[in-house]
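I am attaching a structure below and will ask some questions about it afterwards.
No lab work stands behind these numbers, since they all come straight from the coordinates. Here the structure is a predicted model, which means the values were calculated and not measured. Every residue, glycine among them, receives a Cβ derived from its backbone with ideal geometry; neighbour counts consider all protein chains shown.
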Amino acid sequence: MINLANRRDCFFDDYLIDAKCTSASLVLHHPQFRETVFIHDAPWEGDGCDYHNFFFDPTWHGCDGSHPEGVYRMYYLGWSMISGDGKKHTTKGIRVCYAESADGIVWTKPSLGICTFNGCSDNNIIMGGEAQSDTTRNFDNFMVFKDGNPTCTEERRYKAIGSFGDGLWCFFSGDGIHFTDGYKLAIEGYFDSLNVVFWDALANKYRGFIRGFHASDIPGENKVRDIRYVESEDFIHWTSATQLCYNDKEEIPLYTNCLSQYFRAPQLFVSFPSRYIERKSWNDSFEELCGKEKRLARMKLHPRYGLAITDCIFMTSRDGVNFQRFSDAFMRSEIENGRNWVYGDCYPARGFAVTKSPFKGAPDELSMYIFTNHWMGIPSTLDRYTIRMDGFASLHAGAKEETALTKFFTFAGNELFINFATSAMGYIHFTIFDNDGNECHSCEIFGNALDRRVHFDEGTLSSLAGKPIRLRIRMRDADLYSLQFR
């Protein structure tokens with residue numbers, strides 16, 4: 001029996017839906033570009049600045065102490081993809097950098113004075129610094145989280161994982177700025193993309209999502225990039241890595257995972273992995289595709305640097321292993337501009353920012369960030385995209401009325417609130433009923449709101465609270481994103 005209690009639940013998957021009795025469909029939505037929020041133009045940055053990850057920290061008031069309500073804290077790698085002579089793909093001297101923002105729109109790169117670059121410490125580097133001759137200390141990725149484990153000591157409140165040398169290592173900090181080396185994590189895998197670890201307070205354990213490979217069923221492929229799951233109760237002892245399972249059986253190479261608990265419904269995991277699509281040979285489309293000259297130059301270093309292209313999909317899970325994913329791209333490369341349609345496009349930052357809408361009177365939005373100008377020999381940028389709260393996917397009906405029936409569930413509370421949108425002609429109707437013949441019927445609902453209270457013409461919800469019930473939904477030209485009893 002599903003127990004919703006008074007939690008928000010989102011229509012990212014068919015968890016609540018009785019598919020055999022439902023004609024409405026789950027549809028994917030897409031974020032919209034807003035603006036470039038900063039440029040990686042410092043001497044220690046470049047066109048390889050990637051693997052951005054961030055979180056909101058209410059107890060950190062900014063490096064200058066001017067934000068009493070907290071800030072968003074972002075970590076990323078600073079480096080250039082190609083050596084100065086253009087003859088090789090360089091991975092030396094990759095640095096970990098830091099930025100922060102009070103509103104998710106205006107970002108600053110504070111001068112921290114921790115590391116030197118070209119003899120100067122006026123920079124935002126927190127690890128690395130001068131170009132390193134010891135390649136075992138060159139970070140391939142670096143991800144930070146604030147540990148909510150109640151047994152965590154304050155000097156280890158901020159934890160990081162990063163790949164360099166022979167494995168995945170952890171780091172500790174008391175302020176999220178000054179990190180000390182920890183130890184190599186007892187996890188097996190391939191770690192050359194942003195690996196993710198966090199504390200799950202609902203499950204009372206650490207969860208991790210790392211890079212892997214498996215044997216391929218694709219003709220001409222020996223192995224396929226994948227994502228694997230690990231967990232730990234103490235951040236020391238970890239389970240063996242388990243390959244993720246999907247609702248579809250298609251063999252899709254997945255690169256970065258950018259997975260997190262969805263903060264408005266933490267029982268849901270949301271992930272935005274990159275699809276790695278590599279054509280096997282140059283063809284006429286490459287002849288016409290933007291960036292031909294630089295693509296051919298990169299192919300002299302390695303063919304896949306010109307033949308591979310990436311985009312981003314959306315998938316979700318409730319247990320961390322079994323995922324429902326949408327086949328359509330969540331993010332595509334934008335219209336060709338000479339700097340996109342490359343390997344590395346559509347890598348989202350891990351994290352969400354709640355940001356003000358540019359439209360007066362409109363509610364807050366979710367902001368996501370994408371880095372651009374990958375492989376271009378010019379500073380990469382970080383671009384902001386927005387989507388409505390809970391807006392990654394919805395239960396949808398078009399111009400023809402469709403219906404949906406939920407599985408049996410229980411709830412707590414006496415009112416129902418929904419995140420929805422209709423056209424002027426569209427509508428949603430709800431009927432809640434139990435096995436004893438008790439029913440509640442809503443009025444017609446139309447509009448576009450994040451948190452609309454549903455009025456019922458007949459019956460009261462409080463009489464059905466705690467009982468196994470089902471929800472029948474009739475909808476036309478409408479989207480239902482989430483619901484919550486309270």
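Among T151, G84, M74, whose Cα projects farthest towards the positive end of the dipole of region 65-170, with charges put on the beta-carbon of Lys, Arg (+1) and Asp, Glu (-1)?
Result: G84.
Indicate, rounded to the nearest 5 percent, the antiparallel portion of the DSSP beta bridges found entirely in the chain. Each step should come with its number before you reach the end.
Details: 123 of 129 bridges.
Taking every DSSP beta bridge with both residues in the chain, the antiparallel ones total about 95 percent.
Another one. Of L268, G212, F55, which is farthest on the positive side of the dipole of region 30-387, counting Cα position, with +1 on Lys and Arg Cβ, -1 on Asp and Glu Cβ, and the Cα centre as origin?
The listed residue farthest towards the positive side: G212.
Report, in whole Å, the centroid distance computed from the Cα atoms of region 283-336 and region 138-158.
If you average the Cα positions of each part, the centres end up 31 Å apart.
I2's amide H: which non-local residues (gap 5+, or another chain) put their own amide H closer than 5 Å, with H modeled 1.01 Å from N in plane and none for Pro or chain starts?
T410
Counting only helical runs of four or more DSSP H residues, what would the 222 nm mean residue ellipticity of the chain come to if each run contributes -39,500 (n - 2.57) and the total is spread over all its residues? Let's see the in-between values first.
Details: 3 runs with 17 residues, N = 486.
Counting only the DSSP helices, I get -1000 deg cm²/dmol.
I would also like to ask the following. State the Cα centre-to-centre distance between region 31-110 and region 471-486 in whole Å.
Between the Cα centre of region 31-110 and that of region 471-486, the gap is 39 Å.
With unit charges on the beta carbons (Lys and Arg positive, Asp and Glu negative) and the dipole taken about the Cα centre of the chain, which residue among Y369, G447, S357 sits farthest to the positive side?
Comparing the listed Cα positions along the dipole, Y369 ranks first.
Enumerate the lysines that K184 could reach by cross-link, defined here as Cα to Cα under 20 Å, with residues fewer than 8 away along the same chain left out.
By straight Cα distance, K184 reaches K146, K159, K205.
On to the next question. Taking neighbour Cβ counts within 10 Å as the exposure measure, how do I17, I94 sort from fewest upward?
Working: I17 20, I94 27.
In increasing order of surrounding Cβ atoms, one gets I17, I94.
Using the C-alpha gyration tensor of region 30-387, what are the square roots of 5 times its eigenvalues, in whole angstrom, with the largest one first? Write down the numbers at each step before the final one.
On the way: eigenvalues 163, 124, 100 Å².
Computed over region 30-387, the values are 29, 25, 22 Å.
In addition: Note down the magnitude of the dipole of region 322-380 about its Cα centre, charges +1 on Lys and Arg C-beta and -1 on Asp and Glu C-beta and zero elsewhere, to the nearest 20 debye.
Working: 6 positive and 6 negative charges, 29 e Å.
Charge dipole, region 322-380, about its Cα centre: 140 debye, nearest 20.
To make sure I understand, if each residue's beta carbon is the centre and we count other beta carbons within 10 Å, what order do E233, E402 fall in, fewest to most? Please report the intermediate quantities before stating the final value.
Numbers: E233 13, E402 18.
So the ranking, lowest neighbour count to highest, is E233, E402.
Right, here's the next one. From zero outward in steps of 10 Å, how is the percent of C-alpha pairs of region 1-108 spread across the bins?
That works out to 11, 25, 22, 21, 15, 5, 0, in percent per bin.
Which cross-chain or sequence-distant (5 or more) residues have an amide H under 5 Å from the amide H of G447, H modelled 1.01 Å from N in plane?
Residues meeting the amide H criterion: T422.
Would you mind working out the magnitude of the charge dipole of the chain relative to its Cα centre, with +1 at each Lys and Arg C-beta and -1 at each Asp and Glu C-beta, to the nearest 20 Debye?
Details: 52 positive and 64 negative charges, 83 e Å.
I would put it at about 400 debye.
Sticking with this structure for a sec: Counting other beta carbons within 10 Å of each residue's own, what order do F139, F409, F33, F392 fall into, fewest first?
Details: F139 22, F409 18, F33 11, F392 26.
Listing F139, F409, F33, F392 from fewest to most nearby Cβ atoms yields F33, F409, F139, F392.
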